[in-house]
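Asker: Okay, handing you the structure first.
The values are calculated or read from the model by the stated rules, or taken from the named source; none is laboratory data. What you are looking at is a predicted structure, and each value in this text was computed from that prediction instead of being measured. Backbone-built Cβ (ideal geometry, glycine too); neighbour counts: all protein chains shown.
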Amino acid sequence: MDGLILIDKPAGITSHDVVARVRREVVGRERSKKGVGKVRVGHAGTLDPFATGLLVVLVGRATRVQAHVMALTKRYEATARFGFTSTTGDPEGELTETGRIPPEPLVLPTGAIMQRPPAYSAVHVDGKRAYDLARKGIAVELPEREVQVHRFERLAEDRFLIECSAGTYVRTLISELGDAYCTALRRTAIGPFDVADATSDPTPEDLIPLEEGLARFLPVLELTGEPARRAAHGMPIARQGNDATVLLRDEHGPIALAEPRPGGTLKPVVGFRS
């Protein structure tokens, strides 16, 4: 059981709840039928409880590529309420009516921008989550960081489409439009994976095999003989014209993810043979 499952998460549950359901109802049943050992399950990018949409659940050896899936560009649809602020940037926070409406036309920033994560975020501060500190009333000043906003379009008076890099806080983009907060947030895509292909009731048949899932966003390099053997043991191989992370495979399936290194080599960084 190695692969990815695309889940359409409903509002009101956590990403951890979704993973627990897949572990129990999908992986657990298959383990019982096939008599296999423990199988790891994780996800590639948290959705807040109020948010809905695409959550990529990783099963088995696919958990090893979590960082690579999380790094993919995200697409969201967000609904804003103007004239109000929220301590969390969403409906779960303390709301204050200000009556101040941002002037038209709205400025929708794109490109490289500096963004400060909200106090109610999962960012670690001295080993603790920022939202845990915020709920205890402990003020924390989180440092700004650069993110990329590829698209920021107004679909309707209060609805927006946003494509952005990993680590971008859509709640912050909405709140910085003026006095506003995010009343609804739906993630519609992660890289090549679309919520239209997701399920809210996962079964083993919904598992996208590891190699197929990786090949959707990574180039594939076919190996034979000595290069395949070296890659399987984590040893560098000749680059063969590849200037990006690639999926190495042979006749037996995926071997590793490899990254380009100086001197014209590819170095396996995530292995699948053990």
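Asker: Is it the case that the stretch 17-31 has a residue that's over 19 Å from D206 (Cα atoms) and in contact (Cβ under 8 Å) with a residue 40 or more places away in the chain? Steps first, answer last, please.
Answerer: Filtering the stretch 17-31 for residues over 19 Å from D206 (Cα atoms) gives none.
Looking for residues that are over 19 Å from D206 (Cα atoms) and in contact (Cβ under 8 Å) with a residue 40 or more places away in the chain, one finds none in the stretch 17-31, hence no.
Asker: How many residues, within the stretch 186-237, are touching a Pro at 6+ places or on another chain (Cβ under 7 Å), aliphatic (A, V, I, L, M) and over 12 Å from L4 (Cα atoms)?
Answerer: The number of residues fulfilling the criteria is 2.
Asker: Let me ask something additional. Within the stretch 53-65, can one find any residue that is out of contact with any helix residue (DSSP H, G or I) (no Cβ under 8 Å at 6 or more places or on another chain) and modelled with pLDDT of 95 or more? Talk me through it step by step, then tell me what you get.
Answerer: First, pick out the residues of the stretch 53-65 that are out of contact with any helix residue (DSSP H, G or I) (no Cβ under 8 Å at 6 or more places or on another chain): 63-64.
Right, trim to modelled with pLDDT of 95 or more and you get 63-64.
Checking the stretch 53-65: at least one residue is out of contact with any helix residue (DSSP H, G or I) (no Cβ under 8 Å at 6 or more places or on another chain) and modelled with pLDDT of 95 or more.
Asker: Here's another thing I want to ask about it. Which count do you get for residues in the stretch 166-193 that are at pLDDT 95 or above and out of contact with any strand residue (DSSP E or B) (no Cβ under 7 Å at 6 or more places or on another chain)?
Answerer: Result for the stretch 166-193: 2.
Asker: Looking only at the stretch 196-210, decide whether some residue is part of a strand (DSSP E or B), crowded, with 17+ Cβ neighbours inside 10 Å and either at pLDDT below 95 or hydroxyl-bearing (S, T, Y) (or both).
Answerer: Taking the stretch 196-210 first, the residues part of a strand (DSSP E or B) are 199, 208-209.
Of the ones still in play, those that are also crowded, with 17+ Cβ neighbours inside 10 Å are 208.
Checking which are either at pLDDT below 95 or hydroxyl-bearing (S, T, Y) (or both) leaves us with none.
No - not one qualifying residue is present in the stretch 196-210.
Asker: Among the residues of the stretch 246-262, which ones are within 16 Å of D2 (Cβ to Cβ) and not in a strand (DSSP E or B)?
Answerer: Matches in the stretch 246-262: H252 only.
Asker: Turning to a different aspect of this structure: Quick check, is V18 under 30 Å from L155 (Cα atoms) and in a helix (DSSP H, G or I)?
Answerer: Numbers: under 30 Å from L155 (Cα atoms): yes; in a helix (DSSP H, G or I): yes.
Spelling it out, V18 is indeed under 30 Å from L155 (Cα atoms) and in a helix (DSSP H, G or I).
Asker: Looking at the stretch 213-245, which of the residues that are assigned to a loop (DSSP other than H, G, I, E, B) and among the β-branched types (V, I, T) is nearest to K267 (Cα to Cα)?
Answerer: To start, the set of residues in the stretch 213-245 that are assigned to a loop (DSSP other than H, G, I, E, B) comprises 216-219, 223-224, 233-236, 239-245.
Next cut, among the β-branched types (V, I, T) only: 224, 245.
Values: T224: 16, T245: 9 Å.
Result: T245.
Asker: Looking at this structure, is G178 surrounded by fewer than 17 Cβ atoms within 10 Å (Cβ to Cβ) and either at positive phi or over 25 Å from the mean Cα position of the chain (by Cα) (or both)? Can you show your working first?
Answerer: Values: surrounded by fewer than 17 Cβ atoms within 10 Å (Cβ to Cβ): no; either at positive phi or over 25 Å from the mean Cα position of the chain (by Cα) (or both): yes.
It is false that G178 is surrounded by fewer than 17 Cβ atoms within 10 Å (Cβ to Cβ) and either at positive phi or over 25 Å from the mean Cα position of the chain (by Cα) (or both).
Asker: Further question on the same structure: Given the conditions (1) at pLDDT 95 or above; (2) assigned to a helix (DSSP H, G or I); (3) buried (at least 18 other Cβ atoms within 10 Å of the Cβ); (4) within 19 Å of the chain's Cα centre (by Cα), report the number of the one that V147 does not fulfil.
Answerer: (2)
Asker: Surrounded by 17 or more Cβ atoms within 10 Å (Cβ to Cβ), of a type in the set (V, I, T) and either assigned by TED's automatic domain parsing to the domain that holds A51 or in contact (Cβ under 8 Å) with a residue 60 or more places away in the chain (or both): does that describe I255? Before the answer, list the steps.
Answerer: Details: surrounded by 17 or more Cβ atoms within 10 Å (Cβ to Cβ): yes; of a type in the set (V, I, T): yes; either assigned by TED's automatic domain parsing to the domain that holds A51 or in contact (Cβ under 8 Å) with a residue 60 or more places away in the chain (or both): no.
No; evaluated as a whole, the condition is false for this residue.
Asker: Among the residues of the stretch 24-68, which ones are hydrophobic (A, V, I, L, M, F, W, C) and either assigned by TED's automatic domain parsing to the domain that holds R186 or part of a loop (DSSP other than H, G, I, E, B) (or both)? If you could, list the steps in order and put the result at the bottom.
Answerer: Going through the stretch 24-68, the residues hydrophobic (A, V, I, L, M, F, W, C) turn out to be 26-27, 36, 39, 41, 44, 47, 50-51, 54-59, 62, 65, 67.
Listed by number, the residues that qualify are V36, V39, A44, L47, F50, A51.
Asker: Among the candidates S175, S165, which residue alone is out of contact with any Leu (no Cβ under 8 Å at 6 or more places or on another chain), in contact (Cβ under 8 Å) with a residue 40 or more places away in the chain and farther than 21 Å from T63 by Cα? It would help to see each step written out before you state the result.
Answerer: Working: S165 fails: farther than 21 Å from T63 by Cα.
From the options S175, S165, the qualifying one is S175.
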